[in-house]
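The values are calculated or read from the model by the stated rules, or taken from the named source; none is laboratory data. Please read these numbers as outputs of a predicted model, since none were measured by experiment. Please note: Cβ atoms are built from the backbone with ideal geometry, for glycine as well, and neighbour counts cover all protein chains shown.
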């Protein structure tokens, strides 16, 4: 039975959670604000109505405790009698100070029908014995002595109802022992009046306040929830168009900072998506154009060699081989870019960067022998670095390919290695026409290719420098480019040495 009840409760709270999760921000703000007002009203009703009598009694006891402590501290003072009178008058109390034998030392009667002044010494001793120990202030709640009753039938009109059963006498008892061995008791008496009339007055006021708060809260929560949710609703409506790469920034006034930041972020996201889409289209166009040319040449030469006798010459085969290599270069460049974006960085190792560059230059030997290119390498020593060999080699390959593409008529590329201050700097220099100053900030971008004519027929897809940049950024390397018109370009990067 208990398991069934637990499941029922869990299912109930689960349904409530589902309903709450389906509520929008406007509804949530509205409900939370009304709940806050409801909790505030409940606290006001509890503190002002239900617990008013408790707080009233606590304040009375606090007043008696302070007065009793003041009298006991000055019980042997020469003017203690005046102090007792003053305390009784200011606090509307009855004060009775006795010695250890219950003989009166000081007395002040500030109340009618005082309880302690009607007690004889035996009654006071019995009161003390029933509430031992009394070194600290003790409190006793007793019925006060009633005045002689009045016959209501002798008078015309409605007589006030007696409140003898409601009004109580609050008595405090405290003892002290002076340094000379004397014992004193302080009895204080005050009335704890009924709070029914006060409660009725407060209840009427709270009823009016509750109605006003609920009404004001309803209006305020409606206004706030609408003001907070309206810009979010507008932004959400516009954000649905992000899938099409379209987003119109919402023109909002007097909105909070988070909405402004959200609006700007979505605007930037839409701009980036549009840029990616345009870049994708440009890539497809570039790749299609670069692939179509060699494919057309290969197709034309193959058909000629098939249909025309004598066309199967070494020259035609070399052209087909060159165009095939060009296709392979284009495909490999795209694959390298994809791999550099998708594969995580591999662990580094210590190796000779100088020897790695020599091996890379050696792989260009056929190109240098066949097409007349020249790659010179100048180094000032053996440089050892802690890096990823394949990644650094990829940077060098791409920079060399870029230099070979845009080198001058002499077809010469220089690679220079310089060491100093614990770092090694690699520079790849060509003697081409240089890069215009306005194009320098764009050369690291994807798919960007300079407007200058290429020396090599196998122009790239515009990804080589961007791949190098991605690797350099991932390793937080220093890199850059400098160029002067008709003096070539210098691409460089720096690695820390071991």
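Yes or no, residue by residue, for (1) at pLDDT 65 or above; (2) farther than 22 Å from residue 107 by Cβ; (3) in a strand (DSSP E or B):
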site: 140; (1), (2), (3): yes, no, yes
site: 159; (1), (2), (3): no, yes, no
site: 176; (1), (2), (3): yes, no, yes
site: 190; (1), (2), (3): yes, no, yes
site: 194; (1), (2), (3): yes, yes, no
site: 200; (1), (2), (3): yes, yes, no
site: 205; (1), (2), (3): yes, yes, no
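Among the residues of the stretch 327-354, write down those that are more than 30 Å from residue 299 (Cα to Cα) and either modelled with pLDDT under 70 or surrounded by fewer than 13 Cβ atoms within 10 Å (Cβ to Cβ) (or both). Quick ask: steps written out before the conclusion?
Residues of the stretch 327-354 that are more than 30 Å from residue 299 (Cα to Cα), as a first pass: 339-354.
Scanning the stretch 327-354 gives 339, 340, 341, 342, 343, 344, 345, 346, 347, 349, 350.
Considering every residue within the stretch 94-115, establish whether at least one is more than 60 Å from the chain's Cα centre (by Cα), in a helix (DSSP H, G or I) and at pLDDT below 75.
Of the residues in the stretch 94-115, the ones more than 60 Å from the chain's Cα centre (by Cα) are 94-115.
If we keep only those that are in a helix (DSSP H, G or I) as well, we get none.
Scanning the stretch 94-115, I find no residue that is more than 60 Å from the chain's Cα centre (by Cα), in a helix (DSSP H, G or I) and at pLDDT below 75, so the answer is no.
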Legend entry - Selected residue (criterion: surrounded by the fewest Cβ atoms within 10 Å (Cβ to Cβ)) from residues of the stretch 205-232 that are free of Cβ contacts under 8 Å to residues at least 12 places away in the same chain and within 29 Å of residue 264 (Cβ to Cβ): 223
Legend entry - Answer residue from the stretch 473-498, given it is over 45 Å from the mean Cα position of the chain (by Cα) and in a loop (DSSP other than H, G, I, E, B) and is modelled with the lowest pLDDT among those: 486
Legend entry - Some residue of the stretch 456-472 being in a loop (DSSP other than H, G, I, E, B) and at pLDDT 80 or above: no
Inset, instruction - Please state which of the following conditions residue 70 fails to meet, knowing it meets all the rest: (1) out of contact with any strand residue (DSSP E or B) (no Cβ under 9 Å at 6 or more places or on another chain); (2) loosely packed, with under 14 Cβ neighbours inside 10 Å. - result: (2)
